[in-house]
Structures are given as structure tokens and as C-alpha cells.
Amino acid sequence: MMRVSTPGEGECIVRLSVIGCGYLGAVHAAAMASIGHEVVGIDLDPRKIDALSRGEAPFFEPGLPEILTEGVESGRLSFTTDIAAAEGAAVHFVGVGTPQQQDGHAADMSHVNAAFESLLPHVRPGDIVAGKSTVPVGTAAVLAPLVEAVGATLAWNPEFLREGWAVQDTIDPDRLVAGVPATAGGERAAAVLREVYHPAVAKGTPFMITDYATAELVKVAANAFLATKISFINAMAEIAEVTGADVTQLADAIGHDVRIGRRFLGAGIGFGGGCLPKDIRAFAARAEELGRGESVNFLREVDAINLRRRDRAVQLVIDALGGSVFGKKVAVLGAAFKPFSDDVRDSPALDVAVRLNGLGANVVVTDPQAIDNARRLHPQLTYEPSRDESIRDADAVVMVTEWDEYRRDLTPEHASTLTAGRVVVDGRNGFDAAAWRAAGWIYYGMGRP
């Protein structure tokens, strides 16, 4: 095992390379440097590398700019486009993207395959190659012989990052998983990874050693479960809407059951982003390839429920404005798929805005962080950085991303000073319905009377 130094009892500094400096890789590289390791991040995109080398995060993630700047200034963290810089690292983390294929639901593995092909000539005997990308089960079994051919060992070390909390989730995870072979090399790989994650291991974070297939399945199974829980409560919202029930009270009631729990039982316009939608689709596609498509057929309905909630949000706005949005000003609060992120990939919020715009509404979108990304994707929309200016003179206000600036800080009394529209559609059930109604607003929620 390569140790750069041993700063204290029970700790060691390991030299690491991180292949791929997108969302996962950049956070992982900076976080590993922040706990004392010597890290080089490698990516093909020179603009991204230039920004990271200056200590500038190429995307919004709370806490990342601080540890990125500190790592670069300390000399523990560097970035380059030269794959040869991986030479000399003891562990090589591969964290490139696995997007959905353009012509189907399966994962596009071209980036992973290319990363391993370019990396392996620079890997030395005894090194550890640790896959972090979310991949179809069976991927590691295919890649392991290629890694073993150069005298190294492959481990699969899935990530469990939440956008908005990714730095915390990397430095202080709720669990660590390492899929390794049942060999001496596998035992050593697990030991090295324990040292890489020494602060978390020292505080007692569960460190699970599994086979490759289990490690790959842990990630997609976790995402599938979370997606299912979200779509379940949204399915209940659909029933509530035709019966007069209140899905928020329903969620509170069943959430008190310790077997169920309240988290991820927030009905609304559904999930999005770069992980859950494409991961559950890829999981279903892989199950079909394995001849077990029926085992996860429910994920297709999970996906369908999720997409229907966007339809419902649009219909609520139409109904609220008397059957047509044509020519009406609609303020859309939110563009990112979730708060504390500037990610607009498969964003339900942005999808709702685009659909309303297509129906002839004068849509004005605001977001604290995601306007630039949204504008690049949908330049046809009107964007306004100021929350208050977006609301001014609006016929309807639609909250679709539950930023604190909207959910907590925007009061109905203040909104009343900006517009006489008095129509609010709460796509995240984040507002106090009684307070908005008491202030004279017509309030529409998701699955609420």
C-alpha cells in the first residue's frame, strides 16, 4: 500500500486519482483531499479542469467551494487532463457518468469503458481500481479480468450522494460498501479502502464488504426503493384528489408507523435529476436482459406515476385560471429538480414551466441557482433572478422547487403586495394552505382538498 505520510496514529495519507470530474468525481476528489489524502482529478474537459484548478466549482453544491479552494491551495488537490497523472496513485476511483441511452432505457456504458481503457496502461501491480459509477449489475465481473491483467485489483465502491448534501455524504456517509473478489487481493483492497475512509471508519460508520454483484445492486436498489416510496405517496395523492382526502395528513398518519417512516412521503410533482429517473429505467432494462424483467415491472409504474404528477400540476394551473392559461402571466418558482442544487436534468419544475409556455402562458421562471443551466436548456422561457419581480402582476404563482426562499420565506401577505392574482398552485405542498387561504389566496395543492 502506498502511503505518502502517516500524520498520526490510526491515520494514513493515501495517494489517489479520481477519473472523471463531473458532479460525483469533483466532490469525491475535493472531499478526499479535505480529509488529508493527496488527490489528482482527471477529466477530458479542459474548461472544467481549468475551473477546478482555480478552486472554482463548475456547479452549485453547498460546501464544495470551500473544500475545493482549501485543497488546491494546500497542494493536496490538483486537476489535469493528462491520464498519465494517475501513475503513482495507490487507489484510482472511476466516477464517470452512465447516462440513459438515447435510443432506449439502458445505461450508456461508453464513458465507463473508455475510462478503464485509458486508465489501465497507467495502473501498476498492487494498485486498487475502485469503481464508483452507477452501473448495471454484472459490469464489475466484466471489468475485473482487465484490471487483474495489469496486476491490480478491482473494487466496486458505490456512491450514495444526495445533491445538496454531497460533501457531507462523502466525508461522513451513513454506510460504506466495497465489492471485492474473494481473494487475497480482495482482502487487501478492502483494507486499503478502510484507510482511505479512515475518519468515517474510526467513528463506527458501517463498512460492508460484499461481492461485486451485491455492491452494484445496493446502489440501484436504494434508488429504486426511494423512487417507489415517492411514487407511492403520489399514487395516494391521485386517490385523494378524487375522494377529498388530504394526502399530507395521510402521510403524517402512516409515517408514524416505524416500519414506514415519514421521510420521502412528500406528495408533489415527483422526482427528477440525473440519478433516480435514469437509474430505475436502467435497472428495469438490465432485469429484462437477465430474464427477470417481471421482478421489477413495478418500476415502470413508479416511473409512470412520477410523470403523471407533472401533468397534474399543469392541469391545476389551467383549472385555477378558468380553463386556459393563454396570455396569462404565470410565475414559476423553481427550475432545479430539487433545492440546494443547480441541476436541471429531468427537472419536474422546468418541465412544468415548458408545458405551460407551450400552452401560451407568459411564463416567468425564477430560481436561486439554476437559471443559467435552465436557460441553456430552454432558452425560449423568460427568466427572472428576483423572486419578487417574477411574482409581480402574475395571474398565478406556481411553486415547483421547495427552496427556503419560497417555502419558508415567502409569506402570502408579502406576495399580496406584488400581485392581485391571488392564485397559488403548490406543486410541493410546502406552503401553509390555511395561511394562504386566510390571506385571500385561492390555494391548490397536490392531493389536497
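Things to note:
- Three-way shape call for the stretch 327-394 based on the alpha-carbon gyration tensor, with the a/c threshold at 1.5: oblate
- Restriction of the trypsin sites (Lys or Arg not before Pro) in the stretch 203-244 to DSSP coil positions whose beta-carbon has at most 13 other beta-carbons within 10 angstrom yields 203.
- Per-residue 3J(HN,Hα) values for the stretch 411-420, derived from phi via the Karplus relation 6.51 cos²θ - 1.76 cosθ + 1.60 with θ = phi - 60°, read 9, x, 5, 5, 4, 5, 7, 9, 8, 9 Hz in sequence order (x marks Gly and Pro).
- Taking other residues whose beta carbon is less than 11 angstrom from the beta carbon of residue 447, and scoring Lys, Arg as +1 and Asp, Glu as -1, yields -1.
- Residue 362 long-range amide H proximity, modeled H, under 5 Å: 327, 328, 329, 330
- Per-peptide packing, taken as the mean over residues of other Cβ atoms within 10 Å, places 238-244, 133-139, 317-323 in the sequence 133-139, 317-323, 238-244 from highest down.
- Bridges between two residues of the chain, per DSSP, are antiparallel at a rate of about 10%.
- Cα-centre dipole for the stretch 3-210 with unit charges at Cβ (Lys and Arg positive, Asp and Glu negative), debye to 20: 380 debye
- For the chain, a crude dipole built from +1 on the beta carbon of Lys and Arg and -1 on the beta carbon of Asp and Glu, taken about the Cα centre, is about 680 debye to the nearest 20.
- Backbone phi angles across the stretch 341-352, fed through the Karplus curve with coefficients 6.51, -1.76 and 1.60 (θ = phi - 60°), yield HN-Hα couplings of 8, 10, 7, 10, 5, 6, 6, x, 4, 5, 4, 4 Hz in residue order; Gly and Pro are listed as x.
- Cα-based shape type of the stretch 94-172, given that a ≥ b ≥ c are square roots of the gyration tensor eigenvalues and the cut on a/c is 1.5: oblate
- Here the contact order of the chain, divided by its residue count and restricted to Cα pairs under 8 Å and six or more residues apart, works out to 12 percent.
- Fully extending the segment from residue 84 to residue 437 would add 120.8 nm, taking 0.36 nm per residue of separation and subtracting the current Cα-Cα distance.
- The residue among 337, 122, 352 whose Cα reaches farthest toward the positive pole of the charge dipole of the chain, with charges on the beta-carbon of Lys, Arg, Asp and Glu, is 352.
- Between the stretch 67-106 and the stretch 236-279, the Cα center-to-center distance that results, in Å: 36 Å
- Pair residue 124, residue 264: separation of 7 Å Cα→Cβ label points (nm): 4.2 nm
- Structure note, pairs 132/338; 219/278; 203/229; 132/278; 203/338; 48/278: Cα-Cα distances above 21 angstrom occur for 132/338; 203/229; 203/338; 48/278.
- With all projection directions averaged, the alpha carbon convex hull of the chain covers 22.5 nm².
Taken together, the values in this text are just the output of simple stated rules run on the coordinates, not laboratory data. Small disclaimer: the values here were computed from a predicted structure and weren't measured. A quick note on method: Cβ atoms are made from the backbone with ideal geometry, for glycine too, and the neighbour counts reach across all protein chains shown.
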